[in-house]
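Throughout, read-outs are computed from the coordinates displayed, never taken from laboratory work. Keep in mind that what you see is a predicted model, and the values were worked out from it rather than measured. Please note: Cβ atoms are built from the backbone with ideal geometry, for glycine as well, and neighbour counts cover all protein chains shown.
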């Protein structure tokens, strides 16, 4: 398999430029670029450089610890892991379905998470690029610079994020690494005092969230040609949607569209994810490369997250965000929007939706009272899938009769976007870096493309799958020496016919 | 008013330089720092950020305060920690992972080679030919996850997973005012 610019035909003698670390993203990543004497780009890779092995040491732990342990994968989206693990453990304890109160309190927690994470990403991390320009002064290109130049924007960002964090605190007990969700339900109601305080702030948040969508859209429009083409490429898109096709970030069925927007997967149960998605290891990154099994690694990779979700769903079930979604979709003029930078716009549409959903749930008496926990027939296996801020998050566990976890498999959102982020940086490298003297501002463009995906690289460093895998052993010159695959049944296939030269 | 008064230059107090990094952590301690909310806008009146996940400064320069989140899980973590120690007058271990290794240190009872093999090779039912990611661009994982005090001198430790925003705020306020930081029992937590 070959992807353009992934592997230089002959890396010897090429000059190496590194962006290390990639900044204003969560976690540890670096980009390496190999150039020849004429500054021609020969290879570009986004490496995920850390290995932590969470999935392995979760094995042997009691299942009830898992929702609080695994959220330590990530401090930005701990709620997503907390809830995906809880949903999987609901199946283990036979709590199907959990109570109305538990579902609504978890949803509230989750939409609080979406809101704070999206606000953090747009305002604290990405807005400096969009407001000041990609090659603006390094010293100013951060949230402090934004606070100095655009105090009003910075303040709204800080307070939108604060509101989301407060929703999490009210439901999970703590802003970061809370304990509210447990296998079978939740362990507390929302207090009346917290509910009232949040309700009081809601109208202001709705207004600011609308301002945020308008700002993101306006920034896109200001230089529409550049925003549409920057780091752009066509791809499939995957997400959960509600059974009726509505956007739903807490629960649903899997849906995928191809690059032209045609459905290629719909109504698929998340429990069968292993039949749908396959992962591949490449030796230069600890992060795996997933793809749709039916389409294979070259055609089957896809994007997840706001860009996918806003276009995969048929509608958003809240009025303000739905109006914004329609504007977004209209921008594509009948074709899906594939622009990498359109992620920001789509992300703010979702942030607005999250505030609307939070408003609905705060008005619901079930969050203040009602049954919290249920149990049922104990099972040995469970899959929990949720739409985390960055995309589809999959948790899969098996638990023994002694209540200890025997297997844990996680595919985190950022991993799904691995190929896409690599494509985006290669697209930028081709367009802006090829054949020219590289400057800091040009290198920041690479990071701008990565940032659009809001990667959570800490999450990605823990994700180590157990899924079918294809491995090619390459010789010095990049030629395939050996090619092995494990089929879905676990059988090892050695495909010697694949002895073809890998062309950079 | 004596003549010339208005022409004396008025020096703003120098901003305190702060560098932050997340090593083998989850970014949660940085999130807790941001959880000081609108006080962040006040903080940046007095503080200038050097290398940090919030800025694009890639190498740490001379700083007053270095905040370290996360323990040490690979060779690069060690190198970055040493650079921070060399550049920062006051180095603070922020959160459970920096102080004790935290949750990632749960892998310490497993043999690293077995762990990697299990994950990228044996567990997948592979025999020969499959690769543990091994590119020279990837830093080598350490056999065990270490707390940072095992490698450098640490001036202060701020416990919690994560330490609360209140604790971080009062700690930084003390440091910036030149006081010895003191956290009351309500601000110390070991979750």
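When each of the peptides A:96-106, A:352-362 is scored by the mean number of other C-beta atoms lying within 10 Å of its residues, the order from highest to lowest reads A:352-362, A:96-106. Round to a whole angstrom and tell me the spacing of the C-alpha centers of region A:373-409 and region A:21-60. Their Cα centres are 29 Å away from one another. Note on B:30-39: average number of Cβ atoms from other chains within 10 Å of each residue's Cβ is 6.
For region A:37-171, what class follows from the C-alpha gyration tensor (a ≥ b ≥ c being the square roots of its eigenvalues): rounded when a/c is under 1.5, otherwise prolate if a/b is larger than b/c, else oblate? Oblate is the answer for region A:37-171, as a/c is 1.5 or above yet b/c matches or exceeds a/b.
Peptides A:291-299, A:164-172 ranked from most to least packed, by the mean per-residue count of other Cβ atoms within 10 Å: A:164-172, A:291-299. Pairs of Cα atoms nearer than 8 Å and 6+ residues apart set the relative contact order; for chain A it is 25 percent.
Helix-only arithmetic for chain A: the sum of -39500 (n - 2.57) across DSSP H runs with n ≥ 4, divided by the residue total, places the mean residue ellipticity at 222 nm at -12000 deg cm²/dmol. Where only DSSP H runs of four or more residues are counted, chain B gives -7500 deg cm²/dmol as its mean residue ellipticity at 222 nm, each run worth -39500 (n - 2.57). Estimated at 0.36 nm per residue, the fully extended path between residue A:223 and residue A:360 surpasses their Cα-Cα distance by 45.7 nm. By definition, a body whose alpha carbon gyration tensor gives a ≥ b ≥ c is oblate when a/c is 1.5 or more and a/b is not larger than b/c, and region A:186-317 fits this oblate description.
Taking the three principal axes of the alpha carbon atoms in region B:72-112, the coordinate ranges are 36, 20, 8 Å, sorted in descending order. Would you work out if region A:337-414 is rounded, prolate or oblate? Take a ≥ b ≥ c from the square roots of the eigenvalues of the alpha-carbon gyration tensor; rounded if a/c is under 1.5, else prolate when a/b is larger than b/c, oblate otherwise. Since a/c reaches 1.5 but b/c is at least a/b, the shape of region A:337-414 is classed as oblate. Placing dummy labels 7 Å off each Cα toward the beta-carbon, the span from residue A:315 to residue A:149 is 4.1 nm.
Here's the picture: a label point sits 7 Å out from the Cα of residue B:134 along the beta-carbon direction, and within region A:251-283 the residues with their amide nitrogen under 17 Å of it are A:281-283.
With the simple spin-label model, which puts each label point 7 Å out from Cα in the Cβ direction, the residue B:75 to residue B:143 separation comes to 1.6 nm.
Expressed to the nearest 5 percent, the antiparallel share of DSSP beta bridges inside chain A is 95 percent. Here each label is just a point 7 Å from Cα along the line to Cβ, and for residue A:37 and residue A:10 those points are 1.2 nm apart.
A straight chain from residue A:269 to residue A:299 at 0.36 nm per residue would run longer than the Cα-Cα distance by 8.6 nm. Volume per residue for chain A equals 134 cubic angstrom (convex hull of Cα atoms).
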